[in-house]
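Chemist: Dropping a structure here in structure tokens format, bear with me for questions.
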Amino acid sequence: MHVLVATDAWHPQVNGVVRSIEETARAATAYGVRISVLTPENFRTVPMPFYKEIRLALAGPRGVARAISDAKPDTVHIATEGPIGWLVRRWCLANGMAFTTSYHTKFPEYVAARLPIPESLVYAVMRRFHAAAATTLVATQTLRRELEAHGFDNLGLWGRGVDTRLFHPQKRIDLGLTGPIFLHVGRLAVEKNVEAFLQLDLPGTKLVVGDGPARAMLEARYPQAVFVGAKRGEDLASYYASADAFVFPSLTDTFGLVQLEALASGLPVAAFPVAGPIDAVGECRAAVLREDLREAALQALDCSRDEARAFALTRSWDACAFEFVAHVARAAGVAVPDRIMEPAPA
């Protein structure tokens with residue numbers, strides 16, 4: 001089976017949407033599934049207003065139709081609600097192709113944080129977008145319940161995993177910073193609530209890995225913190241493994257994949273007790289979820305790095321890929337492959 005994934009989020013963006021698609025595509029091959037992607041790289045792009053790091057595709061109906069025709073997919077999955085997502089949705093409806101979608105981002109809350117637009121209006125647009133899908137995939141049961149409360153239906157689970165080979169405690173190096181090192185990794189934007197971390201009265205060093213529209217403001221407002229920009233691959237893995245606690249201040253993330261990356265690196269997590277952290281790491285004894293984020297960060301210093309790693313080893317991308325494959329196979333009307341039994345983690 002060949003699945004075409006349409007996404008407005010793609011490189012050079014570094015986020016959970018991109019990583020989820022890439023890792024699922026890699027793991028899905030074990031089920032005889034090939035995943036190709038339709039991204040802004042297929043079209044001319046312009047920078048998104050107020051967020052130049054994100055490129056918006058200047059796609060048109062003919063260009064999208066040609067791209068889908070060239071790909072010859074058995075089914076389509078629409079990962080984002082951007083220009084590409086809407087045009088691919090339009091093509092699928094016009095051509096009678098069943099498709100699935102995924103809900104990665106709380107756009108109503110993100111828009112409300114930036115513009116005077118009611119959340120209810122944006123939720124109405126999101127409902128319309130996803131209502132035509134055979135199934136809308138969400139990362140957690142909590143998000144599923146939240147969307148059901150907003151009138152969404154046909155929801156299915158597609159969990160998230162972590163690359164435990166890349167993110168590993170053995171990647172630890174000397175960063176040359178005063179300890180303890182409190183790390184945050186993520187996009188620097190107002191909706192990510194990074195200031196809640198930077199405002200904390202903590203010993204040692206606050207280290208921020210990531211980029212985004214709020215970076216210049218945050219650097220100017222918090223000169224005592226260390227900002228190193230976006231990192232990838234082995235460089236990113238070394239930062240995780242070399243810190244002493246990971247602080248995740250977001251109140252709106254639907255999951256927060258960076259939390260699993262931290263745990264896989266043997267790095268305990270501190271976060272607020274809200275939907276994303278509760279679902280992603282709430283069962284981990286090396287994760288401290290408190291309303292008082294400072295207290296959580298300090299307590300995380302005493303958590304076991306071995307327990308952090310052990311928890312991450314139970315969250316594989318192979319299991320997540322099977323969930324994805326099962327949903328898209330049903331939408332395509334083909335048999336769901338047998339689940340592959342994974343070896344016990346080392």
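The values are calculated or read from the model by the stated rules, or taken from the named source; none is laboratory data. Since this is a predicted model, take the numbers as computed values, not measurements. Cβ placement follows ideal geometry from the backbone for every residue including glycine, while neighbour counts extend to all protein chains displayed. In case anyone asks, the SASA skips ligands and DNA or RNA and just uses the protein heavy atoms, side chains included. Shrake-Rupley method; radii C 1.70, N 1.55, O 1.52, S 1.80 Å.
Chemist: Indicate the gyration tensor shape class of region 289-339 (rounded, prolate or oblate), computed on the Cα atoms with a ≥ b ≥ c the square roots of the eigenvalues: a/c under 1.5 is rounded; otherwise a/b larger than b/c is prolate and the rest oblate. Each step should come with its number before you reach the end.
Modeler: Details: a/c = 8.27, a/b = 2.72, b/c = 3.04.
It comes out oblate by the Cα gyration axes.
Chemist: Have a look at H130, T252, T140 and report the one farthest towards the positive end of the charge dipole of the chain, computed about the Cα centre with Cβ charges (Lys/Arg +1, Asp/Glu -1).
Modeler: H130
Chemist: Same structure again: Output wanted: per-residue J couplings in Hz (rounded whole) for region 196-212, from phi through Karplus 6.51 cos²θ - 1.76 cosθ + 1.60, θ = phi - 60°, x for Gly and Pro.
Modeler: Once rounded to whole Hz, the list reads 4, 7, 5, 7, 5, 8, 10, x, x, 10, 9, 10, 10, 10, x, 9, x.
Chemist: Got the relative contact order for the chain handy, in percent, Cα pairs under 8 Å and 6 or more residues apart?
Modeler: This gives 17 percent for the chain.
Chemist: Over region 19-117, what is the mean sequence separation of C-alpha contacts under 8 Å (at least six apart), divided by residue count, expressed as relative contact order in percent?
Modeler: Once divided by the residue count of region 19-117, the mean separation gives 18 percent.
Chemist: Counting only DSSP beta bridges with both residues in the chain, tell me the antiparallel percent, nearest 5.
Modeler: Of the beta bridges lying entirely in the chain, close to 10 percent run antiparallel.
Chemist: Specify whether the C-alpha gyration tensor of region 220-319 places it in the rounded, prolate or oblate class, a ≥ b ≥ c being the square roots of the eigenvalues: rounded for a/c under 1.5, otherwise prolate if a/b is larger than b/c and oblate if not.
Modeler: In terms of gyration-tensor shape, rounded.
Chemist: Let me ask something else about it. Among A225, P273, S69, pick out the residue whose Cα is farthest towards the positive end of the charge dipole of the chain, where Lys and Arg carry +1 and Asp and Glu carry -1 on C-beta, about the Cα centre.
Modeler: The Cα lying farthest towards the positive end belongs to S69.
Chemist: Out of the total accessible area of region 213-294 (probe 1.4 Å, heavy atoms of protein only), what percent is carbon and sulfur?
Modeler: 47
Chemist: Treating cross-link reach as a plain straight distance, find the aspartates and glutamates whose alpha-carbon is under 20 Å from the alpha-carbon of K171, omitting any fewer than eight places away in the same chain.
Modeler: Partners within reach: D163, E234, D235, D244, E261, D306, E307.
Chemist: Could you work out how much longer the chain between V125 and N154 gets when fully extended? Use 0.36 nm per residue separation minus the Cα distance between them, nm to one decimal.
Modeler: This chain segment gains 8.8 nm when fully extended.
Chemist: Related question: Determine ³J(HN,Hα), in whole Hz, for all residues of region 75-91 in sequence, where each value follows from phi through the Karplus function 6.51 cos²θ - 1.76 cosθ + 1.60 and θ = phi - 60°; x replaces Gly and Pro.
Modeler: Once θ is set to phi - 60°, the couplings for region 75-91 become 7, 10, 10, 9, 8, 9, 9, x, x, 5, x, 5, 5, 5, 4, 4, 5 Hz.
Chemist: Moving on. Would you please classify the overall shape of region 14-168 from the alpha carbon gyration tensor, given that a ≥ b ≥ c denote the square roots of the eigenvalues, rounded means a/c under 1.5, and beyond that prolate means a/b larger than b/c while oblate covers the rest?
Modeler: Rounded, since a/c falls under 1.5.
Chemist: Quick one: dipole size for region 1-95, taken about the Cα centre, charges +1 on Lys/Arg Cβ and -1 on Asp/Glu Cβ, in debye to the nearest 20.
Modeler: 240
Chemist: Go through A149, V190, G176 and say which Cα lies farthest out towards the positive end of the charge dipole of region 145-197; charges sit on Cβ, +1 for Lys and Arg, -1 for Asp and Glu.
Modeler: Among A149, V190, G176, the one farthest towards the positive end of the dipole of region 145-197 is G176.
Chemist: Still on this structure, please answer the following. Provide the gained length on full extension for the span E195 to I173, in nm with one decimal, where the gain is 0.36 nm per separating residue minus the Cα-Cα distance.
Modeler: In short, 5.2 nm is gained.
Chemist: In debye to the nearest 20, how big a dipole does the chain give about its Cα centre with +1 on each Lys and Arg Cβ and -1 on each Asp and Glu Cβ?
Modeler: Numbers: 36 positive and 37 negative charges, 208 e Å.
Rounded to the nearest 20 debye, it is 1000 debye.
Chemist: Residues of region 112-183: accessible area per residue at 1.4 Å, in Å²?
Modeler: Ligands and nucleic acids excluded, the result is 52 Å² per residue.
Chemist: Sequence neighbours fewer than 8 away in the same chain don't count; with that in mind, list the lysines whose C-alpha is under 22 Å from K72.
Modeler: none
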